[in-house]
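In what follows, a structure is listed as C-alpha cells, so that the remarks can point back to it.
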Amino acid sequence: MELRVEQGNIAESDVDLIVVNLFAGVTAPGGATGAIDRALNGAISRLIAQGDFSGEAETTALLYARANGGAAGDEAADEGGLRAPRALIVGLGSSERFGIGEIRRAAAVAAQAAAKLKGVKSMATIVHGAGIAGHDAAAAAQEVALGTLLASYRAKQYGREAAEAGLASCTVVEYSAAKLEDVARGVTRGEAIGRAVCSARDLVNEPANLLTPVEMAARARAMAAEVGLACTVLDEAAMAKEGMGILLAVSQGSANPAQFVILEHAPAGSSEAPLIIVGKGITFDTGGISLKRTGGMWAMKDDMGGAAAVIGAMEAIGRLGVPRRVIGIAPCVENMPDGKAFRPGDIVTGMTGKTAEIISTDAEGRLILADALAYAARFEPSAVVDLATLTGAIGTALGMHIRAGLFSNDSSLEERLMAAADRSGEGLWPFPMDAAYEKPIKSDMAEVKNSAGRAGVSSSAKFIEHFTEGYPWAHLDIANMVLADSRINAETPKGATGYGVRLLVELAEADAS
Ligand code: BES
Ligand code: MN
Ligand code: ZN
C-alpha cells in the first residue's frame, strides 16, 4: 500500500473513502467531522441522535454521499456533497483516555473497515488526535501511518487464490499548512516502522522448509543492502573458528547449515559503544532428540521470532537514520533429531570456554544465545538485549499477547525497556533475577545445565546470563507474543504479530537522545 500526505480539505479528497472521527459522547461534531457532517446535510448528527453511533473506540459508521457529489473545482463541501462516495466515522473513545496508542488503534480500525469494503481501493484520512485532542502532529501522524500499515498487512499466499488485493493507497490529509511538515515527517517515520514490522511478520509466517538459516541470512543481507547497513554472515566453519561449540551442537542434527548474521548501523561511521540486539533464530524447533509432541509442532516455525524482530528493527533503525550505533545479531539454526544430532547428557563448550551440560535438546534457544551473547562482548556494547521465544511457561505466567517477560541484571536498562514498552504499546513485565535462581541449573559435571524440572522461567534467564560478560544485559522471553491463533485486534492479525520491532526501535531512539 502506498502512503501519501496532502494539504487540504478532506471533503474535497477524490478517493473511494474518506475517514473522519468522533470522540465518545460528542453530539455536535466539529473540525473535519463537522465539515463532513454539513456536507452530508447533517447525516452524522442524525446518526448520533438516533443512537446508532456514539464514538466508542473500535466502532465505525459508514455513510454514503449523494451520487452527484461535487465535481472538481466546485465548492463541493459547501454545496452539500463530497468528492468521495463514502465517509467512514471511526470512534475515538473517551477524550480523557486518548493517548498515542488510541490514535494507532483508531487508524487500524478504520483501515480494517476499509479493507472489508470491496469497492474501496483508495482512502483518505485526517490525523486522529492532532486536532482538539492536542497531540503533537508528527507523533499523531506517525501512529496513523503505523496503524494503517499494521492493519492492512496480508500474509503471503502459496499457490492458493490470492486474497483480495485490499487498499492500494492511503492519503493523510492535513488542513493546516503550518502542520503539514510535521505530519509528513510523522508519516515517513510511521511508514518505516510499519513496513519493518510487516517484514518481521513475513519472516515468521514463512514455513521452515522455505525459510532455512541460509535463506534467512540471504534476506537479512538483501535488506541490509537496500537500507544501507553493514552485514556480515558467519558460516559454520567461521563459527567453529570462533569456538561457538554450544551453538554448533544445536545445529549438528540439521541438514540446513547454521548462519550467524551480524547487522550494523553506524551513522557517519560512528564508533561509540553500540547498543546490541540479539534474536533467537531457530528456523524450526522439533525439540531435537528430546522430540516435541506432534500436536501444534508446526507452530515451531515461529521459533525465529526473536531474530525476525531484530532484523525488522534494524531495517527501521537504518531507514530512520537513528543517530546511534546499533548492532543486530541473529544466530540462525535449525533444531532437528538425526544420527548426527546432539543428545541429552552431552557436555559442550562455547566461545567463552564455559561448559554446559545438555539435559534437554529442546532447551536449545538458550544454547544458541550463549554463543551469540559471548560474541557480542567483542563490540564492548553499552547494553545488550536479547529476544527469544524461549519458554512455553512464559505464556502460562503472563497469558498470551499482552506482555512479554523481561529479565535483566541492570535496573537502568530495565527501566528504559519498560519505558520503551509503554511508548510502543508492546508490553513487557519484569521477572526476578535473584542469585538463588542459579541453583537449579548447577550441573554435576559442567558449569551449568540447560534445563531443570520446575526451576521457573528465571532459571532459564540465569542460564543465558551465565554467558554474558561485562555489559548490562536484558532478556525478553517473547514466546507468548510472536504467533497469534486468531486476530488479536485491528492492528494485530492472526499469524505472525511482528512483536518486538516497535519496542526495539523505541529503545534505540531513546538511547540515542
Ligand atoms: N521454542 C520453545 C519454546 C516455545 C514454546 C515457544 C511454545 C513458543 C511456544 C523452546 O525451545 C522450548 O522448547 N522450550 C522448552 C524448555 C524446556 C525444555 C526447558 C519449553 O518451554 O518446554
Ligand atoms: Mn525447544
Ligand atoms: Zn525453541
* Asked: If you go through region 440-471, how many residues are free of Cβ contacts under 8 Å to residues at least 40 places away in the same chain, out of contact with any Asp or Glu (no Cβ under 6 Å at 6 or more places or on another chain) and part of a helix (DSSP H, G or I)?
  -> 3
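Could you tell me how many of the residues in region 113-148 are in contact with a strand residue (DSSP E or B) (Cβ under 9 Å, 6 or more places away or on another chain) and under 25 Å from G166 (Cβ atoms)?
So the first thing to find is which residues in region 113-148 are in contact with a strand residue (DSSP E or B) (Cβ under 9 Å, 6 or more places away or on another chain), and the list is 113-114, 117, 119-133, 137, 141, 144-145, 148.
Filter again for under 25 Å from G166 (Cβ atoms), leaving 113-114, 117, 119-129, 141, 144-145, 148.
The qualifying residues number 18.
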* Give region 226-250 a look and list any residue that's in a helix (DSSP H, G or I) and under 18 Å from I329 (Cβ atoms), or say none. => V227, E236, A238, M239, A240, K241, E242, G245, I246, L247, L248, V250
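Listed here are the residues, each with its yes/no results for (1) within 12 Å of ligand 2 (Cβ to nearest atom); (2) of a type in the set (D, E, K, R).
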residue	(1), (2)
A268	no, no
A273	no, no
K301	no, yes
V322	no, no
E334	yes, yes
G345	no, no
G350	no, no
G365	yes, no
* region 149-165, subset touching a Lys or Arg at 6+ places or on another chain (Cβ under 9 Å) and either in a helix (DSSP H, G or I) or open to solvent by less than 60 Å² (accessible area, probe 1.4 Å) (or both), residue modelled with the lowest pLDDT -> A163
* With the condition kept exactly as written, say whether any residue in region 254-273 is touching a residue at least 24 places away in the same chain (Cβ under 8 Å), out of contact with any helix residue (DSSP H, G or I) (no Cβ under 8 Å at 6 or more places or on another chain), open to solvent by 30 Å² or more (accessible area, probe 1.4 Å) and not in a loop (DSSP other than H, G, I, E, B). => yes
* Asked: In this structure, does S169 turn out to be open to solvent by 20 Å² or more (accessible area, probe 1.4 Å) and either more than 18 Å from the chain's Cα centre (by Cα) or more than 18 Å from R423 (Cα to Cα) (or both)?
  -> no
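Just to be sure before I move on: is A490 open to solvent by less than 20 Å² (accessible area, probe 1.4 Å), assigned by TED's automatic domain parsing to the domain that holds A383 and within 20 Å of A249 (Cβ to Cβ) in the structure I sent? Give the steps one after another, and end with the answer.
Values: open to solvent by less than 20 Å² (accessible area, probe 1.4 Å): yes; assigned by TED's automatic domain parsing to the domain that holds A383: yes; within 20 Å of A249 (Cβ to Cβ): no.
The answer is no for A490.
Taking the stated definitions as given, is G500 away from ligand 2 (no atom under 16 Å from the Cβ) and within 18 Å of the chain's Cα centre (by Cα)? Before the answer, list the steps.
Values: away from ligand 2 (no atom under 16 Å from the Cβ): yes; within 18 Å of the chain's Cα centre (by Cα): yes.
It is true that G500 is away from ligand 2 (no atom under 16 Å from the Cβ) and within 18 Å of the chain's Cα centre (by Cα).
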* Out of region 477-513, which residues are touching a residue at least 40 places away in the same chain (Cβ under 8 Å) and basic (K, R)? -> R502
* Structure fact -> S271: passes all of (1) within 11 Å of ligand 3 (Cβ to nearest atom); (2) of a type in the set (S, T, Y); (3) over 16 Å from L203 (Cα atoms) but (1)
* Structure fact -> For region 9-19, the count of residues that are open to solvent by less than 20 Å² (accessible area, probe 1.4 Å) and more than 30 Å from the chain's Cα centre (by Cα) equals 3
* Count of region 394-415 residues which are out of contact with any Asp or Glu (no Cβ under 7 Å at 6 or more places or on another chain) and either open to solvent by 10 Å² or more (accessible area, probe 1.4 Å) or within 24 Å of L146 (Cβ to Cβ) (or both) -> 14
* Structure fact -> Within region 493-513, the residues that are assigned to a loop (DSSP other than H, G, I, E, B) and open to solvent by 20 Å² or more (accessible area, probe 1.4 Å) are K494, S513
* Asked: Among K462, K442, which is open to solvent by less than 20 Å² (accessible area, probe 1.4 Å) and at pLDDT 95 or above?
  -> K462
* To do: From the list A421, A474, pick out the single residue that is touching a residue at least 40 places away in the same chain (Cβ under 8 Å) and closer than 30 Å to T148 by Cβ.
  => A421
* Structure fact -> For region 424-439, pairs from a residue that is small (G, A, S) to a residue that is open to solvent by 60 Å² or more (accessible area, probe 1.4 Å), with Cβ under 8 Å and 6 or more apart or across chains, are G427/I402; G427/R403
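The values are calculated or read from the model by the stated rules, or taken from the named source; none is laboratory data. Just so it is clear, the model here is predicted, and its values are computed rather than measured. Note: ideal-geometry Cβ built from the backbone for every residue, glycine included; neighbour counts use all protein chains shown. Just the protein is used for accessible areas: all its heavy atoms, side chains included, with ligands, DNA and RNA removed. Shrake-Rupley method; radii C 1.70, N 1.55, O 1.52, S 1.80 Å.
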